[in-house]
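Colleague: One structure is given below, represented as structure tokens, and several questions about it will come after.
The values are calculated or read from the model by the stated rules, or taken from the named source; none is laboratory data. All values derive from a computational prediction rather than experimental measurement. Here Cβ is always computed from backbone atoms with ideal geometry, including for glycine, and neighbour counts include all displayed protein chains.
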Amino acid sequence: MFEEEIMAGKWVHLTEYEPEENAAAEAAWTRDVRYRLLMEFDHPREYTPAEIKKHYETGLEESNTSRRQFYFALRANMDNRLAGVFTIPGIEWSNRVAQIRLAFGDPLDLQNWGDDAFRLVLGYMFGELNLHQVVIHIPQFYPEMVEAAEAAGLKLTVRRREAAYYNGSYWDDLHFTILRPDWLALKKGGRA
């Protein structure tokens, strides 16, 4: 079992994303449009393991030079299996602002471990990277993810009307934000 720390929570922990090891599992998750939209993949279809591997190899190479993006595997503490992915596609260091992407391969893992994952991710963003603002985009038709974000203290700040097509309808793209002072208040047990 993992002791709770910056990279490990009660139920999940973060590790370096390994394209060779993780690509097949994540490619299978891209069959679900909710996963693709949360990760903001740009093709309206599932990805192959080779495409996922190339996507992360390219991203990791850019990350090594720019230090503006980061890629993590989210693993279950009980068996170390890949449960989800957490990425930071770009940090505006001068403003201390970043967007995050967080998605689970199985909706049950989101239900069981979403709170722990958000706590861990926000702790990393504010505690380790010392950011001021964190943003995540969530499609309106994924209420479980909306609930997890709100439970973590993120607030709806932008609604892009009918920006996501799913299951025969257009849905809003919701942007949830949390500021460092609000996160600190929540961490201390106060209200944001």
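Colleague: Which residues, taken from region 33-50, are loosely packed, with under 15 Cβ neighbours inside 10 Å and farther than 18 Å from F70 by Cβ?
Modeller: Restricting attention to region 33-50, the residues satisfying the condition of being loosely packed, with under 15 Cβ neighbours inside 10 Å are 40, 42-45, 48, 50.
D42, H43, P44, R45, T48, A50, listed by residue number.
Colleague: Continuing with this model, one more query. I'd like to check something: does region 132-140 contain any residue that is closer than 24 Å to E20 by Cβ, at pLDDT 95 or above and surrounded by 14 or more Cβ atoms within 10 Å (Cβ to Cβ)? Walk me through how you get there before you give the answer.
Modeller: In the first step, residues of region 132-140 are kept if they are closer than 24 Å to E20 by Cβ; the result is none.
No: region 132-140 contains no residue that is closer than 24 Å to E20 by Cβ, at pLDDT 95 or above and surrounded by 14 or more Cβ atoms within 10 Å (Cβ to Cβ).
Colleague: Could you go through region 68-84 and let me know if any residue there is modelled with pLDDT of 95 or more, over 16 Å from the mean Cα position of the chain (by Cα) and closer than 25 Å to I178 by Cα.
Modeller: No; the residues of region 68-84 include none that is modelled with pLDDT of 95 or more, over 16 Å from the mean Cα position of the chain (by Cα) and closer than 25 Å to I178 by Cα.
Colleague: I want to confirm something. Restricting to region 141-192 and keeping residues that are among the polar types (S, T, N, Q) and at pLDDT 95 or above, which single residue is surrounded by the fewest Cβ atoms within 10 Å (Cβ to Cβ)?
Modeller: So the first thing to find is which residues in region 141-192 are among the polar types (S, T, N, Q), and the list is 157, 167, 169, 177.
This time we only want the ones that are at pLDDT 95 or above, so: 157, 177.
Details: T157: 13, T177: 17.
Only one residue fits best here, namely T157.
Colleague: What pairs come up if the first residue lies in region 39-52 and is within 24 Å of I136 (Cα to Cα), the second is exposed (fewer than 10 other Cβ atoms within 10 Å of the Cβ), and their beta carbons are under 9 Å apart, counting only those six or more places apart or on different chains?
Modeller: Taking only residues 6 or more apart or on different chains, the pairs are E51/H43.
Colleague: Check T30, T65, T87 and return the single one that is of a type in the set (V, I, T), crowded, with 18+ Cβ neighbours inside 10 Å and without any contact (Cβ under 8 Å) to a residue 24 or more places away in the chain.
Modeller: Working: T65 fails: crowded, with 18+ Cβ neighbours inside 10 Å; T87 fails: without any contact (Cβ under 8 Å) to a residue 24 or more places away in the chain.
Answer to the check: T30.
Colleague: Among the strands (runs of 3 or more DSSP E) confined wholly to region 128-192, which include 3 or more residues that are under 14 Å from the mean Cα position of the chain (by Cα) and among the aliphatic types (A, V, I, L, M)?
Modeller: Hits in region 128-192: 133-139.
Colleague: Among the candidates A98, A117, A73, A103, which residue alone is touching a helix residue (DSSP H, G or I) at 6+ places or on another chain (Cβ under 7 Å), in contact (Cβ under 8 Å) with a residue 60 or more places away in the chain and not β-branched (V, I, T)? Working first, answer last.
Modeller: On the way: A98 fails: in contact (Cβ under 8 Å) with a residue 60 or more places away in the chain; A117 fails: touching a helix residue (DSSP H, G or I) at 6+ places or on another chain (Cβ under 7 Å); A73 fails: in contact (Cβ under 8 Å) with a residue 60 or more places away in the chain.
Criteria check complete, one pass: A103.
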